[in-house]
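Structure record follows, encoded as structure tokens.
The values are calculated or read from the model by the stated rules, or taken from the named source; none is laboratory data. Since the structure is predicted, the reported quantities are computational estimates derived from the model, not experimental observations. Backbone-built Cβ (ideal geometry, glycine too); neighbour counts: all protein chains shown. SASA here: full protein model, heavy atoms, side chains in, ligands and nucleic acids out. Shrake-Rupley method; radii C 1.70, N 1.55, O 1.52, S 1.80 Å.
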Amino acid sequence: MTAPAPVTTSTRPPYRPGLAGGVRKAWSDILVLARRNALHMARDPFEPVIAITMPVMMVLLFGYVFGNVMAPPGAEDYRAFLVPAMVAMVMVYGVGGTASGIARDTDRDVMSRFRSMPMSPVAVLSSRVLSDMARACVEVALLLVVGFAMGWRAENGPGGAAAAIGVLLLFRLALVWLGVLMGLVLPTPDSVSMVVYPLVFPLTVLSTSFVPSSAMPSLLAPVAEWNPLSAVVTSTRDLFGNPSLPSDAWPAENALLLAVAVPLAVIVVAAPLAVRRFRRLSR
């Protein structure tokens, strides 16, 4: 009898893609899942259609019903004063759609299935961010086109308009990451509606978007002045060259600084927390 041949094992190390390969793989996974999100919106268009048409209706109603009643002193055209505030408000309400979409996938255990697949761990959340930011671009473009048809103009030229749109999209990006985190924390889409919208409504009302802080009670005036939405609205009005509310408060005089710093701070905090929460799902 002959002794069995020794079992040889390969000493070749397992394949591990380099940094460039990992980036390409992650980007490919993000695009695939973003396409999946787009197909879901196309097959169930009710929510995105309502989310896009409602702001247009609000701009038209505010612009033609209230007319110049709510215009600030010295503003000749109320619609020029209105459009930047309405676009910023739409950016705020978009957080509900992001949180609902994430919560829906989590409630159906789709997130657990994604985690079990050989895909980049950042692809699932990044694809949702990419999809919602593309939707935000459509919303901004549509509202500005409607405002242009109503007589609104960007008086500071293309450079100022591009900077204002950048501020709005940065604000939306921070809210998207916040919505992702809320969608991972809250258990169902119904709970998202019960939590998100009661928080969003005071944020839009307690601001200087339409009413100066001097007209508010002394307890509410500082809240409105330091509201991030107030900084975004004031800075976009200044960048567009549209009339704004007069104020000598520090947040109003440094609106652009706050409109950039606060969203960046939210992204730095919310994005890692969302990734950490996603990795802990089903554990």
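Cβ contacts < 7 Å: first residue within 15 Å of Asp77 (Cα to Cα), restricted to the range 136-162; second residue polar (S, T, N, Q), any location; separation 6+ or different chain. Result?
Every condition considered, the pairs that remain are Glu155/Asn242.
Please state which one of Val205, Val192 is of a type in the set (Val, Ile, Thr), open to solvent by less than 50 Å² (accessible area, probe 1.4 Å) and more than 23 Å from Arg153 (Cα to Cα).
Val192
Report every pair of residues separated by at least 6 positions or lying on different chains whose Cβ atoms are under 9 Å apart, first residue within the range 233-255 and more than 13 Å from Phe210 (Cα to Cα), second of a type in the set (A, V, I, L, M) and open to solvent by 60 Å² or more (accessible area, probe 1.4 Å).
Close Cβ pairs (under 9 Å, with a partner that is of a type in the set (A, V, I, L, M) and open to solvent by 60 Å² or more (accessible area, probe 1.4 Å)) amount to Ser235/Leu256; Ser235/Leu257; Asp238/Leu256; Leu239/Ala162; Leu239/Leu256.
Residue under question is Asp132, and the condition is that it be out of contact with any Cys (no Cβ under 7 Å at 6 or more places or on another chain) and either in contact (Cβ under 8 Å) with a residue 40 or more places away in the chain or open to solvent by less than 10 Å² (accessible area, probe 1.4 Å) (or both); does it hold?
Details: out of contact with any Cys (no Cβ under 7 Å at 6 or more places or on another chain): yes; either in contact (Cβ under 8 Å) with a residue 40 or more places away in the chain or open to solvent by less than 10 Å² (accessible area, probe 1.4 Å) (or both): yes.
So Asp132 fits the description; yes.
Quick one: would you say Leu245 is farther than 26 Å from Phe148 by Cβ and either among the small types (Gly, Ala, Ser) or open to solvent by 10 Å² or more (accessible area, probe 1.4 Å) (or both)? Lay out the reasoning, then the answer.
Numbers: farther than 26 Å from Phe148 by Cβ: no; either among the small types (Gly, Ala, Ser) or open to solvent by 10 Å² or more (accessible area, probe 1.4 Å) (or both): yes.
Criteria not met by Leu245.
Can you name every residue in the range 251-268 that is over 15 Å from the mean Cα position of the chain (by Cα) and in a helix (DSSP H, G or I)?
Pro251, Ala252, Glu253, Ala255, Leu256, Leu257, Leu258, Ala261
Pull out all pairs, ordered by first then second residue, where Cβ-Cβ is under 9 Å, the residues are six or more apart or on different chains, the first lies in the range 188-211 and is closer than 16 Å to Asn227 by Cα and among the aromatic types (Phe, Trp, Tyr), and the second is open to solvent by 50 Å² or more (accessible area, probe 1.4 Å) and assigned to a loop (DSSP other than H, G, I, E, B).
Close Cβ pairs (under 9 Å, with a partner that is open to solvent by 50 Å² or more (accessible area, probe 1.4 Å) and assigned to a loop (DSSP other than H, G, I, E, B)) amount to Phe210/Met70.
Go through the range 216-242 residue by residue and tally those that are open to solvent by 70 Å² or more (accessible area, probe 1.4 Å) and modelled with pLDDT under 90. Working first, answer last.
Quick first cut of the range 216-242, residues open to solvent by 70 Å² or more (accessible area, probe 1.4 Å) only: 217-219, 223, 226, 238.
So of that shortlist, the ones also modelled with pLDDT under 90 come out as 217-219.
Residues that pass the stated criteria total 3.
For the subset of the range 149-174 comprising residues that are touching a Pro at 6+ places or on another chain (Cβ under 9 Å) and open to solvent by 20 Å² or more (accessible area, probe 1.4 Å), which member is farthest from Arg104 (Cα to Cα)?
Filtering the range 149-174 for residues that are touching a Pro at 6+ places or on another chain (Cβ under 9 Å) and open to solvent by 20 Å² or more (accessible area, probe 1.4 Å), the one farthest from Arg104 (Cα to Cα) comes out as Leu170.
Tell me which residues, restricted to the range 71-118, are at pLDDT below 75 and open to solvent by less than 70 Å² (accessible area, probe 1.4 Å).
Hits for the range 71-118 are Ala71, Pro72, Ala75, Asp77, Val110, Met111, Ser112, Phe114.
Any idea how many residues of the range 189-203 are hydroxyl-bearing (Ser, Thr, Tyr) and at pLDDT 80 or above?
Result for the range 189-203: 2.
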